[in-house]
Amino acid sequence: MIRKLLLITFLIGFALSLKAQYVMEQDSSILLNNMYIQMEVNASVNAIYNAEHEKVEKDFRWLRYRFPNHPLPYFLYGLNEWWKILPEPSHYPNNEKMIAYLDTAQFYAEFMKERDEDNMEATFFLAAIHGFKGRFYSENQSWTKAAFEARDALNYMEESKGNKNLSPEFLFGDALYNYYVEWVPEHYPILRPVLRFFDDGDKELGVEQLTKVAQNAFYTRTEAQYFLMRIWALDEGELRKGLQLSEYLHETYPQNAYFHRFYARLLYTAGRIQDSERECLEIFANLDSARTGYGGTSGRYAGFFLGQIYERQAKLDEAKKYYERAMISSESVGEEEAGYYLFSIYHLGLIAEKQGEVELAEEYYKKTKKKAGRKQAVFKSAKDKLKDL
């Protein structure tokens with residue numbers, strides 16, 4: 001639950017950071033009023049999403065050289081490091097490089113804030129920086145550090161919320177705040193006291209605002225589409241809309257492993273089995289060729305879906321192959337409590353039983369029972385199977 005809160009904090013903080021890329025066009029002191037810089041930053045941010053991380057690092061050198069005392073270039077370097085981490089966090093267990101970039105961005109943002117406490121550009125950056133740090137520390141289970149960063153991010157976010165002269169870029173942060181400040185207590189009542197000091201939100205308004213950003217924004221368009229995809233597919237029961245966005249994001253950023261596996265997941269959920277099979281096989285091709293961003297997390301998704309597809313088609317050897325890959329992939333990233341892992345093992349037991357390998361089936365059922373929680377349905381199913389054997 002703590003991780004979920006910190007994730008939402010990160011989402012809100014990141015939204016505010018991207019608003020800072022398009023801040024107050026009427027203020028000539030804002031760095032990114034320069035259209036040339038806006039275009040250069042936008043191209044580089046798109047490259048981040050497409051997993052072109054080395055290219056991005058080169059692209060941002062000129063920005064750091066020209067503006068060494070502004071938080072923007074250091075924040076963008078930190079953002080690039082984050083998108084290295086996000087598809088496969090286990091590949092970057094101690095990415096202090098990201099924290100170093102964010103610390104530098106925070107130093108310059110705080111300096112801007114000291115010179116002018118009403119400087120909203122500095123406020124946006126500080127909210128984003130603390131949000132990213134909170135997310136990073138939560139991934140590494142450094143809960144105390146994460147909690148302090150989350151608190152600071154929310155405070156800066158509250159300070160900037162409600163700007164009345166919002167462009168579509170500025171609306172992004174408000175949209176995420178309005179949606180998630182209501183969503184969190186609905187799904188995690190224990191966290192209500194944490195949010196009681198903040199203004200009420202409005203989920204419906206949040207989705208409207210996010211849709212407007214997705215349709216009209218320049219810098220934050222992709223981020224808005226990303227979050228809308230998740231909200232529609234996972235929270236609001238709008239699978240068709242979520243699938244449309246996931247398809248667009250995968251086609252636009254074909255090298256992004258996160259977008260790829262989410263697309264495969266929604267295809268499977270929507271019953272588009274042949275399309276899901278195609279994408280899952282491509283995920284494994286990318287994984288086996290060590291393509292950037294592909295690893296155990298992608299493998300456990302794709303392996304489970306392919307196992308299900310082939311088992312239903314009575315291709316038991318193929319199903320077994322991919323359930324085993326899902327199991328091994330899950331173990332490689334420490335995801336041994338998740339459903340994909342547990343059900344992969346359980347179905348390996350079912351296949352072994354069908355193929356007359358009773359002792360092997362018993363081993364899989366015992367392993368399922370050992371790894372699953374007593375309240376999980378798969379625990380009871382494995383227990384019943386062991387009784388039958």
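The values are calculated or read from the model by the stated rules, or taken from the named source; none is laboratory data. Keep in mind it's a predicted model, so treat the numbers as computed, not measured. Don't worry about glycine lacking a Cβ; one is built from the backbone with ideal geometry, like all the others, and counts go over all protein chains shown. The area values use the complete protein model at the heavy-atom level, side chains included, leaving out ligands, DNA and RNA. Shrake-Rupley method; radii C 1.70, N 1.55, O 1.52, S 1.80 Å.
Restricting attention to segment 177-193, and to residues there that are of a type in the set (Val, Ile, Thr) and crowded, with 19+ Cβ neighbours inside 10 Å, which single residue is modelled with the lowest pLDDT?
Top of the filtered list is VAL184.
Residues in segment 374-387 that are within 27 Å of SER298 (Cβ to Cβ) and open to solvent by 30 Å² or more (accessible area, probe 1.4 Å): how many?
3
For segment 268-281, give me each residue that is closer than 15 Å to TRP232 by Cβ and either at pLDDT below 95 or of a type outside the set (Val, Ile, Thr) (or both).
ALA270
Please determine whether any residue of segment 42-49 is under 22 Å from ALA175 (Cα atoms), modelled with pLDDT of 75 or more and of a type in the set (Ser, Thr, Tyr).
yes
State whether one or more residues within segment 200-213 are in contact (Cβ under 8 Å) with a residue 24 or more places away in the chain, more than 19 Å from the chain's Cα centre (by Cα) and not in a helix (DSSP H, G or I).
Yes: one or more hits.
Counting only residues that are among the polar types (S, T, N, Q) and free of Cβ contacts under 8 Å to residues at least 40 places away in the same chain, which one in segment 286-307 is surrounded by the most Cβ atoms within 10 Å (Cβ to Cβ)?
Among residues in segment 286-307 that are among the polar types (S, T, N, Q) and free of Cβ contacts under 8 Å to residues at least 40 places away in the same chain, the one surrounded by the most Cβ atoms within 10 Å (Cβ to Cβ) is ASN286.
Hey, among TYR322, TYR301, which residue is under 19 Å from the mean Cα position of the chain (by Cα) and part of a helix (DSSP H, G or I)?
Criteria check complete, one pass: TYR301.
Restricting the search to segment 216-238, which residues are surrounded by fewer than 17 Cβ atoms within 10 Å (Cβ to Cβ), assigned to a helix (DSSP H, G or I) and without any contact (Cβ under 8 Å) to a residue 40 or more places away in the chain?
Answer for segment 216-238, where residues must be surrounded by fewer than 17 Cβ atoms within 10 Å (Cβ to Cβ), assigned to a helix (DSSP H, G or I) and without any contact (Cβ under 8 Å) to a residue 40 or more places away in the chain: ARG230, LEU234.
Taking into account only those residues within segment 329-344 that are within 18 Å of the chain's Cα centre (by Cα) and hydrophobic (A, V, I, L, M, F, W, C), which is farthest from ALA290 (Cα to Cα)?
Taking the candidates together, the pick is ALA338.
When segment 206-215 is examined, which residues are found to be surrounded by fewer than 21 Cβ atoms within 10 Å (Cβ to Cβ) and either in contact with a strand residue (DSSP E or B) (Cβ under 6 Å, 6 or more places away or on another chain) or β-branched (Val, Ile, Thr) (or both)?
Of everything in segment 206-215, those that are surrounded by fewer than 21 Cβ atoms within 10 Å (Cβ to Cβ) and either in contact with a strand residue (DSSP E or B) (Cβ under 6 Å, 6 or more places away or on another chain) or β-branched (Val, Ile, Thr) (or both) turn out to be VAL207, THR211.
Which of the residues belonging to segment 246-278 are in contact with a Lys or Arg (Cβ under 9 Å, 6 or more places away or on another chain) and either part of a loop (DSSP other than H, G, I, E, B) or without any contact (Cβ under 8 Å) to a residue 24 or more places away in the chain (or both)?
SER246, GLN255, ALA270
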